[in-house]
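The values are calculated or read from the model by the stated rules, or taken from the named source; none is laboratory data. No experiment lies behind these values; they were computed from the predicted model shown. FYI the Cβ positions are ideal-geometry reconstructions off the backbone, even for glycines, and counts take in every protein chain you see.
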Amino acid sequence: MTRSWSNGYVADIAYIEGFYVQQSPARMALACLCGNVAIDLPEPDDSACYLELGCGCGMGALLIAASNPAWQVVAVDYNPAHIAIGAGLARAARIDNIRFIEADLAQLAGSAAAATIPTADFVSMHGLWSWVGADVRAGIIRLLAAKTRPGGMVHVSYNALPAWQGGIGLQRLIYEAGIRSPGRSDLQAQAGLALAREIKQAEGRYLTESSLARDLVDATAGMSHEYLSHEYMAADWAPAFHADVAAAMAQAKLDWVASANPLENFPELMLTAEQRTVMDRYKDPIMRELIKDMCLPRQLRHDVFVRGARRLSNSERDAAIAQLTVVPVVSPDELQTKIRVPAGMAEMGDPLKTMMATAMRGPAKIGDLLALHDGRSNPAELVSVLVGSHQCQIAMRQDGARADTADRLNRVLGSRVHSIAEARTTGGLASSQLGTGLTAPPLVQFIAARLLGGEREDNVESWIEALSADVVPEKHDTVRSVVCAAIEQRVPILRQLRIVPD
């Protein structure tokens, strides 16, 4: 691992390209409304600023920029390789409303580079907080205080305690064994993991009796080497309690609001009746979250903060949620009305099933769905179930006209897919209607790019040929089956979201 300038942070291998829907402005806005906090979502032609700290290769920031051409997007990372990758994709797609900045977040606040960053309406940090030292975290707080506008929303994801408690020893073992091994950080992580597996095989108590450590050792076998090196080989890696993160954010006048994972905001879905009874003894939200974290295996938190929370009454919250529009991101035959949650299997009642089925037919305003049941259902519950179950997303723009920037980025992303065996994690496609990305695996990116290039889905044989170059002949029928299923299920969604032409 290079240490001359990285100060123990993994910088000799690029992080995985990733799109995480919790970073989207609509998810931050929904978290605020679920937390009874007022929001100011930009109108379709309004300008806004989205700032991502620790952007990695910049996939999330690129999707935001391409989906919102009137916005300014600024993406900051310490690793010049990440900046080069993101800036290269922006050039290839001719996206000129995004700027990539290579900077040390410990020193960025107050610098000449920081002076060029607009005050942000939305800020996101995915994973960064857990992988940097105290000096960088302090620099982040200074930057947030200076660059988050009043009313602005901040998303922070991080490895959470106490759920990560059982994995702390494993990370230390992998790290210490790794830094004593030659090669890049990905090879060092593999050396550390090999030692962990050997100790587990020898029935080392920690790796056999700690369920998290035991499961992590097994799970890492199928994870990308890039992810593992960044997760386990950062010198300052440290999971955190929610209360400590909230206290740090308070120094930037940021109030914790809710989770960007909507279902987590409903104790009835997360906790048993007995656990809710204990939690309900407390009104303080920080204490309630600590009790919730004591009851849930929540290893990664997605918290949303607001700089200056304007509190809403329940009726005001419900009225605001009723104005939201949702669009389906799965086909109608994929509708799930039974959802597995920590408290058990949640089965939707008949009124909610009717509203969910109606939502699957196309864009629908939450208020109109509620009218199907005389408006007696809980608006926050309805939208959280639809969005939290990954069956709908919130539409930032109801007209959803395609932006040229979105088309160009989607063509670039799809043009990089040359095999059905490619396995980039959590890829996406830009959507003007969503105002963010649609989660899309490489195959769907490939299909979207071909459709944007003027081809039709009856070209399937040429698509199969293009995707099968490195697939053995006896597997070509499997490729055909997978491609045809993707065309049948995903292309109607792409057309409904106007990501591809009709």
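Structure notes:
- Whichever residue in region 83-129 is of a type in the set (S, T, N, Q) and either over 20 Å from the mean Cα position of the chain (by Cα) or at pLDDT below 95 (or both) and, among such residues, is nearest to Asn68 (Cα to Cα): Asn97
- Looking only at residues of region 355-381 that are modelled with pLDDT of 85 or more and farther than 15 Å from Cys392 by Cα, we find that the one that is surrounded by the most Cβ atoms within 10 Å (Cβ to Cβ) is Leu370.
- Val327 being crowded, with 21+ Cβ neighbours inside 10 Å, of a type in the set (Val, Ile, Thr) and not assigned by TED's automatic domain parsing to the domain that holds Cys34: yes
- Matching entry among Gly183, Gly178 (being in a loop (DSSP other than H, G, I, E, B) and either under 25 Å from Glu17 (Cα atoms) or touching a residue at least 60 places away in the same chain (Cβ under 8 Å) (or both)): Gly183
- A Cβ distance below 8 Å, combined with a sequence gap of six or more or placement on separate chains, defines the contacts here; from region 346-368, residues that are farther than 10 Å from Thr325 by Cα and touching a residue at least 12 places away in the same chain (Cβ under 8 Å) reach residues that are charged (D, E, K, R) and surrounded by fewer than 18 Cβ atoms within 10 Å (Cβ to Cβ) in the pairs Ala346/Lys338; Ala346/Arg340; Met348/Lys338; Pro351/Arg376.
- The residues listed here are Gly54, Gly86, Gly35; of these, the one that is in the same structural domain as Leu144 (by TED's automatic domain parsing) and touching a Cys at 6+ places or on another chain (Cβ under 8 Å) is Gly86.
- Leading residue by the ranking (farthest from Trp256 (Cα to Cα)) among those in region 94-126 that are among the acidic types (Asp, Glu) and not in a loop (DSSP other than H, G, I, E, B): Glu102
- Subset of region 333-352 [over 21 Å from the mean Cα position of the chain (by Cα) and surrounded by 14 or more Cβ atoms within 10 Å (Cβ to Cβ)]: Leu335, Thr337, Ala343, Ala346, Met348, Pro351, Leu352
- Filtered residue count, region 337-369, keeping only those that are assigned to a helix (DSSP H, G or I), closer than 20 Å to Asn265 by Cα and out of contact with any Cys (no Cβ under 9 Å at 6 or more places or on another chain): 2
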